[in-house]
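Participant: Structure incoming, see below.
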Amino acid sequence: MTYLVISDGRVTSTHPSLSLARAAEAQGSDGSTEAGPLLAGEPAWWSRGHRNAGVTQLGIVRTAATELGIRFELRACQAAAGACSHQPCAVYATWAVSSSYQLLSDLSAFVPLSWVWAGERSHDARGDEPTFRAEAEALIGQLTAELRPALHTVARPPADTRRLGARQQDAHARVVRFLARRFGPAADTPDPVRVRPVLVGQDLHLSLQPSGADARAVCGTRAQEQADAAERKRNVRECPRCFGRTPIVPPPLLTEAEHAAWTEYIRPQSPASS
């Protein structure tokens, strides 16, 4: 069982017993006396009040409290060097979220000016995926070994000739890249491509949606007006180029998704190959 001492949401120390955690709380501050919900017969956390602010904050948290919605964030200061006192930091980036305090704590060792935040927040499954945990643990082990002073024969140079500072910078960059790949914002999912019939005079063309302001049919004809089912029953001519009966010269510049949607649409209407 591990008890975490919290100050302004930041984990400041870890302890194997509640009595040691209470002793480690900052001198002069209000003690964490307000017990939270029970978990296996013991409070999951204890809160402390601020005399002046009139609010309560988490003071001591059991790592098992993740069962009741406590999560941990790896945060790193983004302020200019020397511009942040961290009491508390207000200019930070959240690099990772997990229910494993130890994992984020181990990663924070390679990220300067970083800390682990604890509090109630929504669950983020990415930080608890077995693949993420396995890769993170492997990276931690590898970087720990690389930063450990290596014994080598005096007559031979070390396998890694970089200075410690250079190795620390490399470890920092690798951890950031790893977390950015796992927790970075996902690329926006493009809107699905839809094929829309459009009328230009008496000619029925095909337009790919979404399109830009200068909407054009597949054949290149400027086409703004969409044709509904009733209009298609009128005496209109299907554009042989848009409907795949005549080659388009020069060929249209289509994305893979646009080409797939267009060919899928015209396939039932194209004459069968001999």
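Participant: Which value, in debye to the nearest 20, gives the size of the charge dipole of the range 14-150 about its Cα centre, when Lys and Arg are +1 and Asp and Glu are -1 at the Cβ? Write down the numbers at each step before the final one.
Facilitator: Values: 10 positive and 14 negative charges, 67 e Å.
With Lys and Arg at +1 and Asp and Glu at -1, about 320 debye.
Participant: At 1.4 Å probe size, with the rest of the protein present, what percent of the exposed accessible area of the range 1-144 is carbon and sulfur atoms?
Facilitator: Details: 3610 of 7160 Å².
Answer for the range 1-144: carbon and sulfur cover 50 percent of the accessible area.
Participant: So, one more: What figure in square angstrom, to the nearest 10, would you give for the accessible area of residue 203 with a 1.4 Å probe?
Facilitator: 50 Å²
Participant: Between residue 94 and residue 35, what is the spin-label point distance in nm, taking each point 7 Å from the Cα along the Cα→C-beta axis?
Facilitator: That separation, rounded to one decimal, is 3.0 nm.
The values are calculated or read from the model by the stated rules, or taken from the named source; none is laboratory data. Since the model is a prediction, treat every value here as computed from it, not as a measurement. No Cβ is skipped: glycine too gets one built from the backbone with ideal geometry, and neighbour counts run over all protein chains shown. These area figures cover heavy atoms from the full protein model, side chains too; ligands, DNA and RNA do not enter into them. Shrake-Rupley method; radii C 1.70, N 1.55, O 1.52, S 1.80 Å.
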